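The values are calculated or read from the model by the stated rules, or taken from the named source; none is laboratory data. These numbers come from a predicted model, not from an experiment. Here the Cβ is made from the backbone with ideal geometry for all residues, glycine too, and neighbour counts use every protein chain on show.
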Amino acid sequence: RTFRIAAIPADGVGREVVAAGRAVLDALAADSGGAFGFDWQEFPWGCDYYQRTGRMIDEDGLVQLKEFDAIYFGAVGWPTVPDHISLWGLRLKICQSFDQWANVRPVHFLPGITSPLRKADTTELDWVVVRENSEGEYAGLGGRNLAGRGRGGEVAIQSALFTEVGCERIMRFAFDLARTRSRRKVSSVTKSNAQQYGMVLWDDVFHRVADDYPDVETESVLVDAMSAKFVLHPEDLSVVVASNLNADILSDLGSALAGSLGLAASANLNPERRFPSMFEPVHGSAPDIAGQGLANPIGAVGSAALMLEHFGLPEQAARLYKAIEKTTGAGILTRDVGGTASTDNVTKALIDALAG
Ligand code: NAI
Ligand code: MG
């Protein structure tokens with residue numbers, strides 16, 4: 001079957017890594033003897049588009065996107081447009097409108113890549129951060145006191161929203177995921193000692209849901225302690241479930257510990273499949289290296305593998321993971337992971353590895 005995919009490269013290295021991911025997926029499809037294929041449509045939305053039109057996305061953009069099997073996203077944000085406008089105008093708009101409430105961010109060691117943690121060969125790192133992606137600290141609730149603006153007396157409020165339904169569905173998702181892994185453990189992250197309403201509701205729901213999964217080990221860890229645990233005891237984690245902001249921060253830390261932000265993949269899932277899900281690398285548009293052929297495409301290619309799993313093609317996803325391991329294991333690495341290869345070199349190596 002042919003999967004219809006909306007590609008939104010957006011800004012900076014997003015363009016380079018989406019091109020790389022598309023090339024790898026097309027090579028995979030070409031090699032399948034017609035068993036499956038991809039029908040791509042690329043959308044020009046992003047910061048350049050905003051500067052031309054005053055909009056981050058077409059007025060009927062969501063209506064257009066709704067018809068696709070999935071969205072393959074690069075990264076949004078550029079110094080010419082305030083980040084809160086570009087992020088809310090495009091990425092968060094899609095996530096929230098399409099109820100992509102589960103953001104799945106796996107991270108693990110790859111052969112040939114040195115991690116700041118990998119001093120002893122015994123250290124293991126193989127987790128999935130499950131990020132609540134529809135509410136929490138990114139609910140967009142609050143406001144600025146415009147009356148006081150410019151007179152030194154301004155007040156701003158930024159509230160977090162936690163609902164029982166929202167907490168429960170992300171936790172069940174995390175527990176179900178833990179059951180598919182060799183280590184059946186869910187670690188819940190909060191700051192419920194300091195944030196006494198939403199995070200305490202989160203804890204209550206976590207303990208209630210945990211009762212339904214007696215075969216899954218659990219722990220509840222405060223976010224500050226968890227950031228230390230990521231570094232000191234990575235082998236003790238399997239599935240980490242956290243609110244929107246906490247998981248956002250922890251997943252960047254996790255990918256850096258695995259070697260680079262450029263390696264990390266993610267899926268923004270609408271598990272009910274009423275709307276398309278969106279697949280994107282964890283990293284942003286990296287203006288510091290954009291346009292120079294330095295971007296690591298592995299995070300984007302890993303995100304393509306997550307998309308294949310979502311399409312029900314796990315053996316094809318496994319082929320991509322193998323190609324990634326073969327490429328990094330052979331030392332074909334971009335600069336962020338200590339190599340000298342370009343984005344194109346790595347992309348070509350990935351395609352060759354698929355064939356070989
Ligand atoms: P960033 O993730 O773009 O960059 C952080 C660091 O990681 C930089 O040193 C960059 O060179 C490096 N890096 C990122 N991706 C890489 C790759 N594929 N290969 C090699 N190195 C890579 O985060 P930053 O600088 O905070 O944000 C830049 C822009 O991206 C901002 O406008 C921000 O709002 C946006 N952003 C967008 C996201 C999204 O669309 N999902 C996520 C995070 C940031
Ligand atoms: Mg982030």
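Answer with yes or no whether A29 is away from ligand 1 (no atom under 16 Å from the Cβ) and aliphatic (A, V, I, L, M).
yes
Among the residues of region 299-308, are any of a type in the set (V, I, T) and closer than 30 Å to I170 by Cα?
yes
Between A7, A19, A23, A30, which is at negative phi and either exposed (fewer than 15 other Cβ atoms within 10 Å of the Cβ) or in contact with a Gly (Cβ under 7 Å, 6 or more places away or on another chain) (or both)?
Residue meeting the stated conditions: A30.
So which helices (runs of 4 or more DSSP H) are wholly in region 1-114 and hold at least 3 residues that are within 16 Å of ligand 2 (Cβ to nearest atom)?
13-30, 83-86, 92-97
For region 315-325, check the following and say yes or no: at least one residue is in contact with a helix residue (DSSP H, G or I) (Cβ under 9 Å, 6 or more places away or on another chain), charged (D, E, K, R) and closer than 22 Å to D252 by Cα.
yes
Of the residues in region 236-290, how many are among the β-branched types (V, I, T) and under 10 Å from the mean Cα position of the chain (by Cα)?
The qualifying residues number 1.
Just checking, which of D176, D121 is at pLDDT 95 or above, among the acidic types (D, E) and over 21 Å from P281 (Cα atoms)?
Residue meeting the stated conditions: D176.
Against the definition (in contact (Cβ under 8 Å) with a residue 12 or more places away in the chain, within 14 Å of ligand 1 (Cβ to nearest atom) and among the polar types (S, T, N, Q)), how does S277 come out, yes or no?
Spelling it out, it is not the case that S277 is in contact (Cβ under 8 Å) with a residue 12 or more places away in the chain, within 14 Å of ligand 1 (Cβ to nearest atom) and among the polar types (S, T, N, Q).
For region 249-267, which positions are within 12 Å of ligand 2 (Cβ to nearest atom) and in contact (Cβ under 8 Å) with a residue 60 or more places away in the chain?
If the condition is that a residue be within 12 Å of ligand 2 (Cβ to nearest atom) and in contact (Cβ under 8 Å) with a residue 60 or more places away in the chain, then L250, S251, G254, S255, A256, L261, A264, S266 are the ones that fit.
Looking at region 228-238, can you tell me whether even one residue there is without any contact (Cβ under 8 Å) to a residue 24 or more places away in the chain, surrounded by fewer than 23 Cβ atoms within 10 Å (Cβ to Cβ) and in a loop (DSSP other than H, G, I, E, B)?
Within region 228-238 (the criterion being without any contact (Cβ under 8 Å) to a residue 24 or more places away in the chain, surrounded by fewer than 23 Cβ atoms within 10 Å (Cβ to Cβ) and in a loop (DSSP other than H, G, I, E, B)), the answer is yes, since at least one residue qualifies.
For (1) surrounded by 13 or more Cβ atoms within 10 Å (Cβ to Cβ); (2) closer than 23 Å to A242 by Cβ; (3) over 23 Å from the mean Cα position of the chain (by Cα); (4) in the same structural domain as R274 (by TED's automatic domain parsing), each residue gets a yes or a no:
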position: L92; (1), (2), (3), (4): yes, yes, no, yes
position: V130; (1), (2), (3), (4): yes, yes, no, no
position: A147; (1), (2), (3), (4): no, no, yes, no
position: E168; (1), (2), (3), (4): yes, yes, no, no
